[in-house]
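Derivation of every value follows stated rules applied to the coordinates shown; laboratory data play no part. Just so it is clear, the model here is predicted, and its values are computed rather than measured. Every residue, glycine as well, gets a Cβ built from its backbone with ideal geometry; the counts of neighbours run over all protein chains shown.
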Amino acid sequence: MDPNRVLIFDTTLRDGEQSPGISLNTGEKLEIAQQLARLGVDIIEAGFPIASPGDFEAVEAIARQVQGPVIAGLARANSTDIDAAWNAVRDSERPRIHTFVSTSDIHIEFQMQNTRADVLGLARAAVAQAKSYCDDVEFSPMDATRSDPEFTAEVLQIALDEGATTINIPDTVGYTMPDEYVRFLGRLYELVPGLHDVVLSTHCHDDLGLAVANSFAGVQAGARQVECAINGIGERAGNAALEEIVMLLGTRGADLDGLHTGVVTTELARTSRLVSRLTGYLVQPNKAVVGRNAFAHESGIHQDGVLKERTTFEIMDATSVGLDANQLVLGKHSGRHALRQALEELGYTVEGQALNTAFKRFKEIADKKKQVTAMDLEALVTDELREERGYALEGFDVEASSKRPPHATVAVRLPDGSLAEGSFTGDGPVDAVFHAINAATGVDARLREYRVDAVSEGQDALGDVSVVLELDGRTASGQGVSTDIIDASARAYLRALGLVEAKVAAGLEKPKPEVPEPLSAPAS
Ligand code: KIV
Ligand code: ZN
C-alpha cells in the first residue's frame, strides 16, 4: 500500500444519518452509496444494521449492489450487534465489521455502568467474534480523546491481538485540539508499536469547529484513514467534512510529502447536492469547497484580479470540484433520447417507465424554464425517481389575495388508489395547502421545518423545498422540486407524510450508537 495514500472512510450513511430529522429510505441510501462509489471513496460505512430492520435492509442492499468500496457495518461490542453487522455486509465483495466500545471513565462509569476490566473483556470478545466472520475488522475505542492513554493502549493491544486491521481513534464529543490529538496518537504509537502495522484512523466531531483540523493533524501524526461525511453531517455539530479534507490534501498535498486520496474530486459538488437534497440539510452558501459561493467573487478588486489571472484570488478551480455543473445541457425541444443521454452523462441510468416519467417532468419544466441545466436534471431525477411512498399529488387550487386569508383545495391520490379532496383557509398559501392535505388524508401531521432553496440561478430557477413533519412523536423529512413553489411544497409534504406514517406504523426509533445500552461483560 502506498504510504502516502490516505483512505477516505465515508460515514454519511451512518453517523451522518444519525443527524436529527434525517431519515433516508433504502432507495435513497442506495442512491447515495452509488454516488459515493462514483466519487471514489475507499470505505462506505453503510449503516448500523442492528438499529432497525430498515437499517439492516439498507446495509444489505448496499453490500449487494455497490461495487468498488469496502462496505462496513457498525456494531456495538456485543454478539447480537456483530451478527447483525456481518449478516448485513457479508454479500459485499469487500465486507468490513466496525465494532466499538467506550474507553473513557466517564462513559464506562455513567453510561455503561461497567468497569475497565469489563471493557477489556468486551473488546476482546467483540474483535474475536468479528474476526471469525471477516478478515477486515475495524475497532474504535469510543470517546478515546477523553480516555486515559494507558488504558486505551491496553484496549488497543487486545484489539490488535484479536486481529483488528484498522484502529480508529474517535474524538466522539469534538473536544480535542490538533496538537493534543497529535500528542495522543503519538503516545498510543509509543505504547502500542503494533499500531504501525495496521491502518490508524481519525473520526473527529465538529463541536468546536475543529473536526477537519483535528483529522488533518491526525493524518500528520500517521493516520492513513479519515472518517468523514459529505457536507460534514453527523451527530450534533457533525463530522469532518469529506470534501474539505479531500481538497485540503488535493490542494496542499505537494507540501505534505505527496499525501493524497483516491477521490474523484470532480464528483464532490454533485455528491454534496445529492446528500443535501435527500437529507433535507441545506449547504450554507459560504460552505468551503461545495457552497454556492465557494468560488464567487463579490469585491471589484477580487473580480478584476481573477479576470486577469484566476490564481490571484483562487486556490482551487471550481471545475476541479465539479461546481461548474450549471451549464445548459438540454433545450425545450430536446427529445427522450437526448434526455436519457444527458442523464447517463450525469451518472443516472433511466429506462422504461421511469424514463417516461422523467421525460414528462422535463417537458413541464422546459416549458417554463428557458434553460434546463445539469443541476436541474439532477434535482428532477432525485425528485421524481424515488420509491413511491403512498401519496401522490393530483392537483391543487389556491386562492390568495392581500385582502383575505388564502384558501386551498387539494386532490391527493391515497395509497389505496382512491382520490381524496381537502380544503383549508390558512395563514399563507403554503400553510393552506399543507392543512388541506391533512384534511384530504385525514392525518394530523405537524410541520416542524420548512425550507425553500433555488436549484440553480436566475428568476426561473427550480424551487427545491424540504419539510420535516412530526406525527405521534416521530419525524420524517421530504423534498419536492418544481418551478412552482407551492407545487414543490405539496410534493415535499406528501413524501414526508408517507414516510412519517410508515415510521409510526412500524414503531421505528433509531437507537444511537453514541449512547449504547449498558452492556455486561461476556462470561469468561
Ligand atoms: O463518534 C464516535 O465515537 C462514533 C463511533 C461509533 C466510531 O461515531
Ligand atoms: Zn461519530
Quote to one decimal, in nm, the extra length available between Arg448 and Arg413 on full extension: 0.36 nm per residue of separation minus the C-alpha distance between them. 10.2 nm
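Pairs Lys29/Lys363; Lys368/Lys403; Lys360/Lys403: which are spaced more than 32 Å apart, C-alpha to C-alpha?
Numbers: Lys29/Lys363 28 Å; Lys368/Lys403 29 Å; Lys360/Lys403 37 Å.
Distance filter (> 32 Å) returns Lys360/Lys403.
Dipole of the range 392-449, Cα-centred, from +1 at each Lys and Arg C-beta and -1 at each Asp and Glu C-beta, to the nearest 20 debye? Before the final figure, lay out the partial values.
Values: 5 positive and 9 negative charges, 29 e Å.
I would put it at about 140 debye.
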Could you state the number of Å between the C-alpha centres of the range 395-412 and the range 422-500? 14
So how tilted is helix 429-441 from the main axis of the chain? Cα-based, degrees 0 to 90, rounded to 10. 80
Any aspartates and glutamates whose Cα falls less than 17 Å from that of Lys287, other than same-chain ones fewer than 8 residues away, would be Asp206, Asp207, Glu243, Glu244, Glu267, Glu298, Glu314, Asp317, Asp324, Asp453
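What order, most packed first, do the peptides 393-400, 150-157 have when packing is the mean number of other Cβ atoms within 10 Å of each residue?
150-157, 393-400
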Farthest toward the dipole's positive end in the chain, which of Gly480, Ser401, Thr441, given Cβ charges of +1 (Lys, Arg) and -1 (Asp, Glu) about the Cα centre? Ser401
Note down the magnitude of the dipole of the range 7-279 about its Cα centre, charges +1 on Lys and Arg C-beta and -1 on Asp and Glu C-beta and zero elsewhere, to the nearest 20 debye. 500
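Restricting to the chain, compute how many DSSP beta bridges are antiparallel as a %, nearest 5. It would help to have the intermediate numbers written out before the result.
Values: 34 of 69 bridges.
Of all bridge pairs located within the chain, approximately 50 percent are antiparallel.
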Calculate log10 I(q)/I(0) of the range 3-78 for q = 0.16 Å⁻¹, where I(q) comes from the Debye formula with a single equal point scatterer on each Cα and nothing for solvent. -0.52
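Taking 0.36 nm per residue of sequence separation and subtracting the Cα-Cα distance, how much length would be gained by fully extending the chain between His260 and Ser79, in nm to one decimal? Spell out each step's value before the answer.
Details: separation 181, 0.36 × 181 = 65.16 nm, distance 3.67 nm.
Using 0.36 nm per residue and subtracting the Cα-Cα distance, I get 61.5 nm.
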The whole-number value in µm²/s of the Stokes-Einstein translational diffusion coefficient for the range 298-348, with Rh from the Kirkwood sum over alpha carbon pairs at 10 °C and 1.306 mPa s, is 116
May I ask for log10 I(q)/I(0) of the chain at q = 0.09 Å⁻¹, from a Debye sum over the Cα atoms as equal point scatterers with solvent left out? -0.68
Which of the GluC sites (Glu not before Pro) across the range 324-367 are loop residues per DSSP, with 12 or fewer other Cβ within 10 Å? Glu351
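Give me the number: length gained by fully extending Glu93 to Asp197, i.e. 0.36 nm times residue separation minus the C-alpha to C-alpha distance, one decimal in nm. Don't jump to the answer; show the numbers that get you there.
On the way: separation 104, 0.36 × 104 = 37.44 nm, distance 2.37 nm.
Contour length minus Cα-Cα distance gives 35.1 nm.
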Any chance you could check the Cα centroid distance between the range 215-286 and the range 165-202 for me, in angstrom? 19
3J(HN,Hα) from dihedral phi, the range 5-17, Karplus parametrisation 6.51/-1.76/1.60, rounded to Hz, x for glycine, proline: 7, 9, 6, 9, 9, 8, 10, 4, 7, 10, 5, x, 6
Note, ³J(HN,Hα) from phi for the range 303-317, Karplus 6.51, -1.76, 1.60, rounded to Hz, x at Gly and Pro: 4, 4, x, 5, 5, 6, 7, 3, 6, 4, 10, 10, 9, 9, 9
Rounded to the nearest 20 debye, what is the charge dipole size of the range 212-341 about its Cα centre when +1 sits on each Lys and Arg Cβ and -1 on each Asp and Glu Cβ? 700
Can you work out ³J(HN,Hα) from phi for every residue in the range 40-47, in order, using Karplus 6.51 cos²θ - 1.76 cosθ + 1.60 and θ = phi - 60°, giving whole Hz and x for Gly and Pro? x, 5, 8, 9, 10, 7, 7, x
Which of Ala63, Gly331, Pro415, positive extreme of dipole for the chain (C-beta unit charges): Gly331
Could you tell me how many degrees, from 0 to 90 and to the nearest 10, lie between the Cα long axis of helix 242-252 and the main elongation axis, the longest principal axis, of the Cα atoms of the chain? 70
Among Thr166, Ser147, Pro178, pick out the residue whose Cα is farthest towards the positive end of the charge dipole of the range 138-179, where Lys and Arg carry +1 and Asp and Glu carry -1 on C-beta, about the Cα centre. Pro178
